[in-house]
Amino acid sequence: MGLANDTFISQVEDLLNGRVVIPSIQRDFVWMRPDVRDLFDSLYRGYPVGALLLWKTSLAVPFKTAAVVQAAKSAHQPLYLLDGQQRLTSLAWVYRPESKADGRLIDLRFDVRTEEFVNPSAVQRKDPLLFPVSTLLQENTQFYQLLLKAGVPFDDSHFDTWTQRLQKVNSIRHHQIAVITYESDDYEEVAEVFARLNKGGRRLSKGDLVYSAIAARWSDGLDTMDAFHQELQDSNFALNREAVLRLMSLLAGTGAHHIKLIGADVDEAALKEAWHATERALRFAVDFLRGECSIPRSEILSSPNVAIVPALLLHHRDGKLHPGEAQLLRRWVYTAMGFSHYSLQVEGKLDAEARLIRARGGEGLFTELIRRASGTRSVDSPLHARDLEQKYSTHPFFRLLYIAALRGRARDWATNIAISDQPMHSGAKIEFHHVFPRARVQSAYAKEEWNSLANLAFVTGQTNKMISSKLPAEYTVGIAPERLAEQWIPDDPDLRSLDRFPDFLAARRRLLADVLNRMLGLPAQAGQSARPGHRRAACRRGGDRGGHHRAHSRRTERARAPHGTRRRGPRGL
């Protein structure tokens, strides 16, 4: 990495002459006129304005049309401006107004009386002592002539002071700025450098750089890929670029480490073929996840990478599965989600799974995929009630239980209408309801209990409001027993009183473990799996644990969850 100081005007000239270009991964120019004014004010006062980050590479990196007219293209490999586009473009617009690409000039004026930079109104433009900054920035400007033309004679008491102020504006040309030049042909490395140096702006991902590199070899590649991402988003199944590129790389035969897509041996034809296969595979996968797995939107997935194995498999099978395989693939999806299969070593796991899909078939393929997705657990080891202790709405099991409620057509406790993930009526949006309301239990029991997964159910917003802070012993009287059973509420009414809260949790954990075992294709838990003597929390006021848990910050009763669900308690779906 090289670090040098250069004048701002020299860097502006490099931009205008095509020696510095804007890579296609950069965001568009977004500054407003007040931002440009404030930049010049900072430069005039000698304030620091950051550094420029340039990327030097021998790779053919695509660049976008800049917001300035670049009159010439460099005969040599240009430098790519990764950080500083807003500042450099603003200076270019004022220094050479005709370079503004859209033709709408920026009229920035300097008030020599107050030393202020002004975006003038129509009336202010008639003020002769508001000098155009573009004029002041030019080389060999005759400042005394400007003052004389403005009606300020030599013998005016302000003449010398105002001349010095005009000269000070002109000296912005020579303002020194740090220029960092990073030389590398490694896209992944450059992405990491940029991400660390540019946290205040648009964070550049490795996926952005790979997309940019693809566009260098495929003229309409970015438009094609962006159009498909928009299609996914419109279908409520947006997937991040990293996951989509991993699938594309696997289909291109370069492995899940998508940086390999920019290898010299991957030409335009190969990229087009791999991308069209990616679109086809993902359409298969999204339909499978929605239809067979009852996953209504991508946010429910524990990781976007969960979509890759179904996409690969269905692509190789031309969208067809043998009898019984849909259930096995669904079991794999739930297993990968429930045990956070892609939390670590994503590329290595996907590479292994892609090899399995190519090499094996039949039930043996799914057995091995499920074994791998189970992690360190035995593939036939059931979940027990104790496995759900200290699990909250942030845990993947909660997502599976939400899917189970949708699959089971669970109905709202008040309306008796099946809950919907994306209802039209705002009052029907699903909220994560505390069965024992927090307001009634937080003073007597530990947060790890009242905020646990076993105390959460799915109801509509209007029902949640109706229940308010009532205890279940009170509000469940008017709810049909089958409604409660659909959400695995223990049928013993005695468990719904405040003093039986820990017993309610223990009983419901056993029921929830049964639900998860069925979803994951695991054996039923044997006998009573809750911990013997599961004691009531010693958290009543004056107890040994209550003070600690009451110290936890109280979150809002209702916080919006992504795309259509609401929750009470910690972060959820």
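The values are calculated or read from the model by the stated rules, or taken from the named source; none is laboratory data. As the structure is a prediction and not an experimental result, all values here were calculated from the model. Note that we place each Cβ from the backbone using ideal geometry, even for glycine, and neighbour counts take in every protein chain shown.
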Count of residues meeting criterion [in contact with a Ser or Thr (Cβ under 8 Å, 6 or more places away or on another chain), surrounded by fewer than 17 Cβ atoms within 10 Å (Cβ to Cβ) and in contact (Cβ under 8 Å) with a residue 40 or more places away in the chain] in region 473-486: 0
Failed criterion for Leu383 (all others in (1) assigned to a loop (DSSP other than H, G, I, E, B); (2) at pLDDT below 95 hold): (2)
Condition met for Leu166 (assigned by TED's automatic domain parsing to the domain that holds Leu43, over 19 Å from Phe8 (Cα atoms), touching a residue at least 12 places away in the same chain (Cβ under 8 Å) and assigned to a helix (DSSP H, G or I)): no
Members of region 386-398 found to be surrounded by 17 or more Cβ atoms within 10 Å (Cβ to Cβ), touching a residue at least 60 places away in the same chain (Cβ under 8 Å) and either in a loop (DSSP other than H, G, I, E, B) or not charged (D, E, K, R) (or both), listed by number: Leu388, Glu389, Lys391, Tyr392, Ser393, Pro396, Phe397, Phe398
Subset of region 209-218 (residues that are at pLDDT 75 or above and surrounded by fewer than 22 Cβ atoms within 10 Å (Cβ to Cβ)): Arg217, Trp218
Unmet criterion (only one of (1) touching an Asp or Glu at 6+ places or on another chain (Cβ under 8 Å); (2) in contact (Cβ under 8 Å) with a residue 60 or more places away in the chain; (3) closer than 19 Å to Leu401 by Cβ) for Thr460: (2)
Qualifying residue in region 326-342 (condition: surrounded by fewer than 18 Cβ atoms within 10 Å (Cβ to Cβ), modelled with pLDDT under 95 and in a loop (DSSP other than H, G, I, E, B)): no
Selection within region 252-275 - surrounded by fewer than 17 Cβ atoms within 10 Å (Cβ to Cβ) and more than 20 Å from Leu350 (Cα to Cα): Ala264, Asp265, Asp267, Glu268, Ala269, Lys272, Glu273
Leading residue by the ranking (nearest to the chain's Cα centre (by Cα)) among those in region 94-111 that are assigned to a loop (DSSP other than H, G, I, E, B) and within 11 Å of Pro132 (Cα to Cα): Ile106
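Working only within region 288-325, note down all residues that are in a loop (DSSP other than H, G, I, E, B) and hydroxyl-bearing (Ser, Thr, Tyr). Reasoning before the result, please.
First, the residues of region 288-325 that are in a loop (DSSP other than H, G, I, E, B): 292-297, 301-303, 317-324.
Residues satisfying the conditions are Ser294, Ser302, Ser303.
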Yes/no for Thr135 being in the same structural domain as Phe29 (by TED's automatic domain parsing), farther than 15 Å from Arg33 by Cβ and assigned to a loop (DSSP other than H, G, I, E, B): no
Residues of region 237-251 that turn out to be crowded, with 17+ Cβ neighbours inside 10 Å and in contact with a Pro (Cβ under 7 Å, 6 or more places away or on another chain), as a count: 2
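Condition first: charged (D, E, K, R), on the phi < 0 side of the Ramachandran plot and crowded, with 18+ Cβ neighbours inside 10 Å. Can you find one or more residues in region 139-153 that meet it?
There is no residue in region 139-153 that is charged (D, E, K, R), on the phi < 0 side of the Ramachandran plot and crowded, with 18+ Cβ neighbours inside 10 Å.
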Restricting region 220-236 to residues that are part of a loop (DSSP other than H, G, I, E, B) and touching a residue at least 12 places away in the same chain (Cβ under 8 Å), the residue that is surrounded by the fewest Cβ atoms within 10 Å (Cβ to Cβ): Ser235
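Against the condition over 18 Å from Gly478 (Cβ atoms) and at pLDDT 95 or above, how does Arg399 come out, does it pass? First the steps, then the outcome.
Values: over 18 Å from Gly478 (Cβ atoms): yes; at pLDDT 95 or above: yes.
For Arg399, the condition - over 18 Å from Gly478 (Cβ atoms) and at pLDDT 95 or above - is met.
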Qualifying residue in region 120-127 (condition: surrounded by 12 or more Cβ atoms within 10 Å (Cβ to Cβ) and more than 25 Å from Arg33 (Cβ to Cβ)): no
Checking Ser294 against (1) modelled with pLDDT of 95 or more; (2) touching a Phe, Trp or Tyr at 6+ places or on another chain (Cβ under 8 Å), the condition it does not meet: (2)
Matching option when the condition is in the same structural domain as Phe501 (by TED's automatic domain parsing) and buried (at least 22 other Cβ atoms within 10 Å of the Cβ), among Lys447, Lys465, Lys470: Lys447
